[in-house]
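Have a look at this one before I ask anything.
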Amino acid sequence: MKVFILTLGCPKNIVDSERLAGQLLSEGHEILPEPEGADLIILNTCAFISEAEEEAKNYIKRLVKIAPVAAIGCLPARRPRARRVYGPAPRETDAILALAGRIFRDPDEGTRLLDPYPYAYLKVAEGCSRRCSFCVIPLIRGRLRSRRKDDLLEEARALVELGKKEIILVAQETTQFGRDTGERLEDLLAALDRIEGDFWLRLMYIHPGGMTRSLASTLASLDHLVPYIHMPVQHLSDRVLRAMGRAGGERAVRRSLSLIRKYLPDAFLRTEVMVGFPGETDEDFRSLADGIASGLFQRVAVFPFYRERGSRAWAMKPLSRETISERYAEAQNLARALHIRVQKGLVGKELRLLVDEPGLARTVYDAPEVDFSVRIPKGLAPGNFLKARISSVDGEGDLEAVIS
Ligand code: SF4
């Protein structure tokens with residue numbers, strides 16, 4: 001059967017799609033690069049907010065005009081009674097949905113068919129045992145299930161041998177890795193760092209409450225780790241953080257920031273913040289806005305509060321739409337100005353870049369898909385590192401480089 005898989009949402013979904021594709025290939029199915037000509041389109045969905053659900057439904061409406069569609073991933077997990085198959089699907093579809101369900105639940109199931117990019121995500125755990133009040137992910141993905149360190153090492157070694165130049169550790173929250181199995185993230189990182197080869201290691205999805213002195217000093221000791229930390233802080237006001245159910249509140253955020261600055265002084269810090277949470281006062285918002293403007297972080301993604309049914313925040317009295325929109329717009333403007341300032345600071349510097357695709361590369365300060373790119377001459381082959389001097393920055397913060 002000819003199958004096309006389209007992935008929405010976060011890198012964790014990308015890994016699941018790669019595992020499903022690998023498994024289907026080994027069972028004799030053909031994986032197509034385009035939906036045209038497919039017997040079945042599998043849509044791996046995101047549903048952590050209602051907007052993402054709407055996006056998935058819109059994709060289904062468009063794709064079903066090309067071929068039957070089977071929805072997998074977060075949408076059916078969040079809405080178990082919703083329809084999963086659209087159009088006259090082939091008879092193998094039920095078996096594929098069952099396989100997708102096993103992959104969704106079990107982070108060890110399936111062999112990956114990797115996408116062609118020079119980076120690969122390494123999903124170290126599935127699920128989340130934290131209970132942030134705005135978040136429905138633990139309801140969708142379940143409690144934390146860490147993978148075993150040895151299996152992850154074997155997978156990472158294979159990825160490097162296959163030519164991947166960047167291994168990116170992801171999970172719903174990476175610092176929880178091993179809490180259910182008795183293993184330690186520090187040990188996993190140190191072991192990954194001992195893999196031979198020229199590759200970057202990147203750690204994403206750190207909860208500030210999980211940034212300990214031991215983790216910070218381990219990060220500082222790694223040769224392959226890029227100077228980049230992805231730590232969604234969500235807010236800087238203690239009151240809001242406590243209402244969000246963020247363990248440790250503002251103290252944990254400030255402590256994690258000072259640990260990072262002490263042990264990784266040159267690292268770029270990427271964060272995500274949420275504005276307009278129920279009960280957020282002008283003063284709370286100002287402390288967040290001032291934090292963004294003051295350059296505590298180098299990359300900031302801003303999200304408005306979404307009231308999600310099933311989350312604890314659903315029962316809280318929301319702020320008015322106008323207030324949320326105004327604060328969202330202001331925080332986004334501050335983040336944009338920050339990015340231009342930070343990116344201008346890179347102009348004139350000679351940096352090591354990884355070529356992702358013809359004409360496009362990334363610095364160590366940029367994770368794929370969420371941060372900035374560097375335009376380079378088209379003839380340079382993807383999957384190579386190169387030295388280049390940053391020559392300019394455009395209005396979006398993307399860079400241009402000349403090859404040294
Ligand atoms: S750490 Fe909080 S925001 Fe992140 S997945 Fe877990 S519950 Fe959701």
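Values in this text are rule-based calculations from the coordinates and carry no lab data. Keep in mind that what you see is a predicted model, and the values were worked out from it rather than measured. Note: ideal-geometry Cβ built from the backbone for every residue, glycine included; neighbour counts use all protein chains shown.
Rule-of-thumb check for the range 350-403: C-alpha Rg over 2.2 N^0.38 Å?
Normalised by 2.2 N^0.38 Å, the Cα Rg of the range 350-403 equals 0.98.
Determine the shape class of the range 67-197: with a ≥ b ≥ c the square roots of the Cα gyration tensor eigenvalues, call it rounded for a/c under 1.5, and otherwise prolate if a/b is greater than b/c, oblate otherwise.
oblate
Can you tell me what the convex hull of the Cα atoms of the range 119-344 projects to on average, as an area in nm²?
Mean shadow area of the hull around the Cα atoms is 12.3 nm².
Charges at C-beta only: +1 for Lys and Arg, -1 for Asp and Glu. How large is the resulting dipole of the range 132-191 about its Cα centre, in Debye rounded to 20?
220
Given a Förster distance of 56 angstrom, what is the FRET efficiency for E36 paired with E154, based on the Cβ-Cβ distance and rounded to 0.05?
Calculated transfer efficiency: 0.95.
What FRET efficiency comes out for the pair D290/R83, r = Cβ-Cβ distance, R0 = 41 Å, nearest 0.05?
Working from the Cβ atoms, E equals 0.30.
Just to be sure I understand the curve: with the Debye formula and one point per C-alpha of the range 62-136, what is log10 I(q)/I(0) at q = 0.15, 0.21, 0.22, 0.23 Å⁻¹?
Log10 I(q)/I(0), no solvent term: -0.75, -1.15, -1.18, -1.20.
For K123, which sequence-distant residues (separation of 5 or more, or a different chain) have an amide H within less than 5 Å of its own amide H, given hydrogens modelled in the peptide plane?
V170
For a quick check of your reading of the filter: which GluC sites (Glu not before Pro) in the range 133-223 sit in a DSSP loop and have no more than 13 other Cβ atoms within 10 Å?
Here the GluC sites (Glu not before Pro) that fit, given the DSSP loop and packing criteria, are E196.
With an 8 Å cut-off on Cα pairs and a minimum separation of 6 or more residues, tell me the relative contact order of the chain in percent.
Averaging sequence separation for qualifying contacts and normalising by length gives 11 percent for the chain.
Is there a pair in K123/K149; K262/K387; K123/K344 whose C-alpha atoms are over 23 Å apart, and which pairs would that be?
K262/K387; K123/K344, as the Cα separations exceed 23 Å there.
Can you list the residues, at least 5 places off or on another chain, whose amide H is less than 5 Å from the amide H of G178, using H built in the peptide plane?
S146
Quick one: compute the contact order of the range 350-403, relative version, from alpha carbon pairs under 8 angstrom and 6+ residues apart, as a percent.
Over the range 350-403, the number comes to 37 percent.
Which number do you get for Rg(Cα) / (2.2 N^0.38 Å) in the range 314-404?
Taking N as the residue count of the range 314-404, the ratio is 1.42.
In whole angstrom, how far apart do the alpha carbon centroids of the range 339-361 and the range 151-229 sit?
Using only Cα atoms, the two centres lie 24 Å from each other.
Using 17 Å as the cut-off for backbone N distance, which residues of the range 193-230 belong to the label zone defined by a point 7 Å from the Cα of N384 along Cα→Cβ?
198-199
Pull up the cross-link candidates among the lysines for K57, meaning alpha carbon to alpha carbon under 25 Å and not fewer than 8 places away within one chain.
Partners within reach: K2, K12, K65.
Further question on the same structure: Per-residue HN-Hα couplings for the range 48-59, Karplus 6.51 cos²θ - 1.76 cosθ + 1.60 at θ = phi - 60°, whole Hz, x for Gly and Pro?
6, 9, 4, 4, 5, 4, 4, 4, 4, 5, 5, 4
Principal axes first, then extents: for the Cα atoms of the chain, list largest minus smallest coordinate on each axis, whole Å, largest first.
Result for the chain: principal-axis Cα extents of 58, 56, 45 Å.
Give the residue list of trypsin sites (Lys or Arg not before Pro) in the range 49-123 that are DSSP loop and have at most 12 other beta-carbon atoms within 10 angstrom.
Here the sparse-neighbourhood loop sites are K65, R81, R83, R91.
How much length is gained if the chain between E369 and E109 is pulled fully straight, taking 0.36 nm per residue apart and subtracting their Cα-Cα distance, in nm to one decimal?
So the chain would gain 91.1 nm between E369 and E109.
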